[in-house]
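S.K.: Before anything else, here's the structure in question.
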Amino acid sequence: MASVLRHVKEKKGERLSPAEEIVSLLIDGQGDYLSGESLARSLDCSRAAVWKWIRRLRKDGFVIQAHPKRGYRLISLPDTPFPSVVRAALGTSYIGQVVSYYPRIDSTNATARQLAEKGAEEGTLVITDEQLRGRGRFSRRWYAMPKKDLLFTLIFRPELKPLQVFRLTLLSSLAVAEAVERETGLKPLIKWPNDLYLENKKFCGILTELAGEQERVSYCLIGIGINVNSDPSSHPEISNIATSLSCCLKREVSRVQILKTILECIEEKYERLKREGIARLREEWNNRSLILGKRVIVSSNKTEEKGTAESIDEDGFLILRDEKGERKRILSGDVSLRLR
Ligand code: BTN
């Protein structure tokens, strides 16, 4: 609780809603009571209005104790990615410091695109509890359970050429793998180009989209879907190929805690990319690969390549040694392991 109640960083000039303001004041209160009067003064509203907001927050899952003389104090936060909850004790300086939360939207990538077009800053997090049209690669659907999983998109404004944007996908998949390992002890592997696996089943997918010209990226969207507490076996379309963190651990996992660690890992790796370039990140990524050294089939559109996966290069191409011993550089596709 103490770490959760540490400090909410507020972006300069960002206007908080009354509910957010109450939450951030209660968090700053570190578990002590704050009088209704002082809250009303801070919000410039009546004590009755404060009480109305407290009731609304309780409905959203905030546990807030009320005492007739002493006022209100925060007991616990809900496991819902509300901006105030995400930013409480988030140790980043810009990734996830601006949060757009929606109880339900079509797709976080679609909404992030609209925000990016309007000038949203780097690091903006667009997150939802339910996606009506979640998108995967090759226009596939992304299935998730409302309020059980993590569905979010980060806006980047990188100094990269369009061909180098794979570096962001690479560092994001690595960050998710490391964060999941740190929080749960599970050891995710990465399947090129951007799927994460546990127990030979997929639990996370990443959809990278960009806008810009030939030589310049104006923004890049990294959309991440993670099966956290859902049970994919209840979705016939994915029951044999997907898993979730809770299925592997046989217990529920805090979505917000996983999210925070991912955001921290992404910022750390993004800063490292800017400082040092891609070499070390690529090495770490190769060490987590599910396919390197294995015989695979890569299918894209109507073509199929067979061979041994050797590595990925600096731009994220898969280097495949085909059956005639020739090296091939593959830009995109679906990889499956060959059993024989
Ligand atoms: C894939 O594996 O094909 C990529 C799946 C990416 C899904 C995420 S969920 C959040 C974000 N919004 C979307 O519509 N898609 C991505």
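Any read-out appearing in this document is the output of simple, stated calculations on the displayed coordinates, not a laboratory observation. Keep in mind that this is a model prediction, so the values were computed, not measured. Neighbour counts are summed over all protein chains in view; Cβ atoms, including those assigned to glycine, are modelled from backbone coordinates with ideal geometry.
S.K.: Going through the cross-link list Lys202/Lys260; Lys161/Lys306; Lys118/Lys274, which pairs have a Cα-Cα distance over 28 Å in this structure?
M.R.: Long pairs (Cα-Cα over 28 Å): Lys161/Lys306.
S.K.: I've got another one for you. Which semi-axes, in whole Å and largest first, does the equivalent ellipsoid of segment 254-332 have when worked out from the alpha carbon gyration tensor as the square roots of 5 times its eigenvalues?
M.R.: Whole-Å semi-axes of the equivalent ellipsoid: 30, 16, 11.
S.K.: Right, something else. For segment 222-237 and segment 178-194, write down the distance between their C-alpha centroids in whole Å.
M.R.: 15
S.K.: If the cut-off is 16 Å between C-alpha atoms, which lysines fall inside it for Lys250, apart from same-chain ones fewer than 8 positions away?
M.R.: Of all the lysines, those that pass the test against Lys250 - Cα under 16 Å, at least 8 places apart if same chain - are Lys148, Lys187, Lys201.
S.K.: Along the Cα-to-C-beta direction of Lys328, a point sits 7 Å from the Cα; which residues of segment 269-306 have their amide N less than 11 Å from that point?
M.R.: Once the point is set 7 Å along Cα→Cβ of Lys328, 296-300, 303-306 turn out to lie under 11 Å by backbone N, inside segment 269-306.
S.K.: Here's a follow-up. Please give the FRET efficiency for Arg133 paired with Glu283, using the beta carbon to beta carbon distance and R0 = 35 Å, rounded to the nearest 0.05.
M.R.: The computed FRET efficiency comes out at 0.40.
S.K.: Also, quick follow-up: Enter the mean projected area of the convex hull around the alpha-carbon atoms of segment 30-166, in nm², rounded to one decimal.
M.R.: 10.8
S.K.: Taking Cα atoms, how many degrees apart are the long axis of helix 18-28 and the longest axis of the chain, rounded to 10 and kept between 0 and 90?
M.R.: Compared with the principal axis, the helix lies near 90 degrees.
S.K.: ³J(HN,Hα) across segment 99-116 via Karplus (A = 6.51, B = -1.76, C = 1.60, θ = phi - 60°), whole Hz, x for Gly/Pro?
M.R.: Values per residue, Gly and Pro as x: 10, 10, 9, 10, x, 7, 9, 5, 7, 5, 5, 5, 5, 4, 4, 4, 5, 5 Hz.
S.K.: Sticking with this one: Only residues of segment 208-235 count here: report those whose backbone N is under 13 Å from the spot 7 Å along Cα→Cβ of Glu252, or say none.
M.R.: It comes to 229-230, nothing else.
S.K.: Relative contact order of segment 9-86, please, whole-number percent, based on alpha carbon pairs below 8 angstrom and at least 6 residues apart.
M.R.: Computed value for segment 9-86: 32 percent relative contact order.
S.K.: I need the phi-derived Karplus couplings for segment 127-143: 6.51 cos²θ - 1.76 cosθ + 1.60, θ = phi - 60°, integer Hz, Gly and Pro marked x.
M.R.: Each residue's phi maps through the Karplus curve to give 9, 9, 9, 7, 10, 8, 9, x, 10, x, 5, 6, 6, 6, 8, 10, 8 Hz.
S.K.: On to the next question. Can you tell me the relative contact order of the chain? Whole percent, Cα pairs under 8 Å, sequence separation 6 or more.
M.R.: Rounded, it is 13 percent for the chain.
S.K.: Oh, and also: Relative contact order (percent) for segment 123-221, with alpha-carbon contacts under 8 angstrom and 6 or more residues of separation?
M.R.: 27
S.K.: Compute the acute angle (0 to 90°) between the alpha-carbon long axis of helix 47-59 and the principal axis of greatest extent of the alpha-carbon atoms of the chain; round to the nearest 10°.
M.R.: It is inclined by approximately 30 degrees.
S.K.: Using 0.36 nm per residue of separation minus the Cα-Cα distance, give me the extension gain between Lys274 and Lys302 in nm, one decimal.
M.R.: Taking 0.36 nm per residue and subtracting the Cα distance, the gain is 6.4 nm.
S.K.: Continuing with the same structure: Per-residue ellipticity at 222 nm for the chain, helices alone: DSSP H runs ≥ 4 residues times -39500 (n - 2.57), over residue total, nearest 500 deg cm²/dmol?
M.R.: -9000 deg cm²/dmol
S.K.: Whole number please: convex hull volume per residue of the Cα set in the chain, in Å³?
M.R.: Dividing the Cα hull volume of the chain by its residue count gives 146 Å³.
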